[in-house]
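**Q** Got a structure for you, questions after.
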């Protein structure tokens, strides 16, 4: 099993153990903490496909790593073109915020005049969306 997959499995185990320990406390704070830890565990499982069989899980981890590395390379290309450290920091924050948006919101966000261009009065290349799903249907689907 790849190291990243082992890391995901280990992290899920840690989250479950911490949730169990918080639940054993028995007070309201412990129950809230347990629910939050379980939510983190579900999000981690959903992101990495940990609920799949072993082969499916390893393929999902490999795909996710490939996506993450490709995205990091695209970010690096744009950040290398930034001239000032302030612009780099602002651009990195913009990338991180945009990466956390749901796909529909990300498409809307990228279509608007970007905050960084207004704030610094510069032209910065757009961040590339690597996984764009087309909203148009094929003729055979109409």
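**Q** In the list 87, 65, which residue meets the criterion of being under 30 Å from residue 6 (Cβ atoms) and modelled with pLDDT of 65 or more?
**A** 65 is the lone residue from the list that is under 30 Å from residue 6 (Cβ atoms) and modelled with pLDDT of 65 or more.
**Q** OK, next. Considering only residues of region 1-30 that are under 21 Å from residue 60 (Cα atoms) and not in a helix (DSSP H, G or I), which is nearest to the chain's Cα centre (by Cα)?
**A** 2
**Q** Tell me the residue from 36, 31, 71, 65 that is surrounded by 15 or more Cβ atoms within 10 Å (Cβ to Cβ) and on the phi < 0 side of the Ramachandran plot, please.
**A** The unique qualifying residue is 71.
The values are calculated or read from the model by the stated rules, or taken from the named source; none is laboratory data. If you're wondering where the values come from, they're calculated on a predicted model, not measured in any experiment. With ideal geometry, Cβ positions are generated from the backbone for all residues, glycine too; neighbour counts draw on all protein chains shown.
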